[in-house]
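Below is one structure, written out as structure tokens; the observations come after it.
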Amino acid sequence: MIARPFGPTGRNVPIIGQGTWNTPLRGERAEEAKRALRRGVELGMVHIDTAEMYGDGGSERLIGEAIRGLPREQLFIVSKVMPQNATYDGTIRACEAGLKRMRVDYFDCYLLHWRGSIPLGETMRALEQLVRDGKTRALGVSNFDVQDLEEAQVALEHEPIACNQVLYHLGERTIEQHEVPYCREHDVAIVAYTPFGRGDWTDSRGAHVLDAIARKHGATPRQVVLAFLTRDPIAFTIPKAATVPHVEENAAAGDLRLDAEDVAAIDEAFPVRRRRGGLPSL
Ligand code: NAP
């Protein structure tokens, strides 16, 4: 599995991680989701993404159960505070509650989930305090456009922004025009969420392009998609999969290298469109 520096953190992180939004939280499907998470870690997908919002804390709890007994220092665990909780005290409380639910001592990165109405400076101060207190190793943001990133950077006194987690898939590539160049220049990791989009590429002219590239590499179209989204040296992605076969398929994308011809063909089939309005998000 290819790994690369995660922004300024000094950590080498595998390019394919694991998302957990809408992970089943009860019954046999939850047990399978936990097996899938563990299998993913075994295959190198040690970057596990969650948020206090997911399953109302249930996702943080389920991850805690899934990783029990695994060496903590090998994992790279990210969680997020919801904007309505992101006052100074609220951010500290949200992080501490998340750690307690997961039964771990620290997160590797703690993010503001998206920008809300609470002044950014207040949230950034709290995130810096969490780093100082050892409750998270690094801090980051999500769904931030360039202007938000600039404001956050100004508000931070001691810590750099480690990552910006953003919507990025074949049908939504506008971050390549704005946020990716900014993040490259400022050493901020880009983490692509919802990498499979709405799956609309499975029934299109582009599907034939992906099929042909997949065949050429002995890979699957989904693996080609993940490899394309992580082709930039600052990019990572966090597909969510709740079954072992899906996780195994996704993990193998971490070893797939596309050549210039592949990238050009995908670029043509799934062009970057002009952004209308602000940064797209789910
Ligand atoms: P996604 O990862 O693009 O797609 C998830 C869907 O793809 C699930 O239905 C999953 O099925 C299916 N899938 C995964 N691997 C597959 C495979 N190999 N073959 C067939 N189907 C496969 O969408 P997402 O969950 O929206 O995004 C990923 C993660 O990003 C989230 O889980 C979350 O951690 C994060 N995220 C962050 C934000 C934010 O605002 N920061 C927003 C959205 C998402 P199964 O579950 O049945 O395996």
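The values are calculated or read from the model by the stated rules, or taken from the named source; none is laboratory data. Remember, it's a predicted structure, so these values are computed and weren't measured experimentally. Note: ideal-geometry Cβ built from the backbone for every residue, glycine included; neighbour counts use all protein chains shown. Heavy atoms of the whole protein, side chains included, go into the accessibility calculation; ligands, DNA and RNA do not. Shrake-Rupley method; radii C 1.70, N 1.55, O 1.52, S 1.80 Å.
Structure notes:
- Flag if PRO280 is at pLDDT below 95, within 15 Å of the ligand (Cβ to nearest atom), open to solvent by less than 70 Å² (accessible area, probe 1.4 Å) and assigned to a loop (DSSP other than H, G, I, E, B): yes
Table: residues versus (1) of a type in the set (Gly, Ala, Ser); (2) in contact (Cβ under 8 Å) with a residue 12 or more places away in the chain; (3) assigned to a helix (DSSP H, G or I).
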position	(1), (2), (3)
GLU96	no, yes, yes
ARG115	no, yes, no
GLU128	no, yes, yes
GLY140	yes, yes, no
ASP148	no, yes, yes
VAL154	no, no, yes
ALA162	yes, yes, no
VAL166	no, yes, no
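- So ALA66, is it aliphatic (A, V, I, L, M), more than 13 Å from the ligand (Cβ to nearest atom), at pLDDT 95 or above and open to solvent by less than 40 Å² (accessible area, probe 1.4 Å): yes
- Residues of segment 212-232 satisfying the condition of being among the basic types (Lys, Arg), more than 13 Å from the ligand (Cβ to nearest atom) and either touching a helix residue (DSSP H, G or I) at 6+ places or on another chain (Cβ under 8 Å) or assigned to a loop (DSSP other than H, G, I, E, B) (or both): LYS216, ARG231
- Single residue of LEU156, LEU120, LEU130 found to be among the aliphatic types (A, V, I, L, M), surrounded by 16 or more Cβ atoms within 10 Å (Cβ to Cβ) and within 19 Å of GLU185 (Cβ to Cβ): LEU156
- Which listed residue, of VAL209, VAL244, VAL188, VAL180, is within 13 Å of the ligand (Cβ to nearest atom) and either within 24 Å of PRO5 (Cα to Cα) or surrounded by 15 or more Cβ atoms within 10 Å (Cβ to Cβ) (or both): VAL244
- THR237 open to solvent by less than 20 Å² (accessible area, probe 1.4 Å) and within 9 Å of the ligand (Cβ to nearest atom): yes
- Scope segment 192-242; condition over 17 Å from the mean Cα position of the chain (by Cα) and hydrophobic (A, V, I, L, M, F, W, C); matching residues: TRP201, ALA207, VAL209, LEU210, ALA212, ILE213, ALA214, ALA219, VAL224
- Yes/no for ASP145 being open to solvent by 10 Å² or more (accessible area, probe 1.4 Å), out of contact with any His (no Cβ under 8 Å at 6 or more places or on another chain) and of a type outside the set (Gly, Ala, Ser): no
- Count of segment 73-96 residues which are of a type in the set (D, E, K, R) and either closer than 17 Å to GLY19 by Cβ or open to solvent by less than 40 Å² (accessible area, probe 1.4 Å) (or both): 1
- Cross-chain or 6+ apart pairs with Cβ under 8 Å, segment 250-269 first and open to solvent by 70 Å² or more (accessible area, probe 1.4 Å), then not charged (D, E, K, R): ASP255/MET1; ASP255/ILE2; ARG257/ILE2; ARG257/ALA227; GLU268/VAL209
- Condition check for THR220: open to solvent by 20 Å² or more (accessible area, probe 1.4 Å) and hydroxyl-bearing (Ser, Thr, Tyr): yes
- Taking the criterion of being at pLDDT 95 or above and touching a Leu at 6+ places or on another chain (Cβ under 7 Å), the residues of segment 189-204 that qualify are ALA192, TYR193, THR194, PRO195.
- Residue within segment 47-59 that is within 11 Å of the ligand (Cβ to nearest atom), among the acidic types (Asp, Glu) and either under 17 Å from PHE76 (Cα atoms) or surrounded by fewer than 17 Cβ atoms within 10 Å (Cβ to Cβ) (or both) present: yes
- Contacts under 7 angstrom Cβ, first residue in segment 181-197 being assigned to a loop (DSSP other than H, G, I, E, B), partner basic (Lys, Arg), 6 or more apart: PHE196/ARG222
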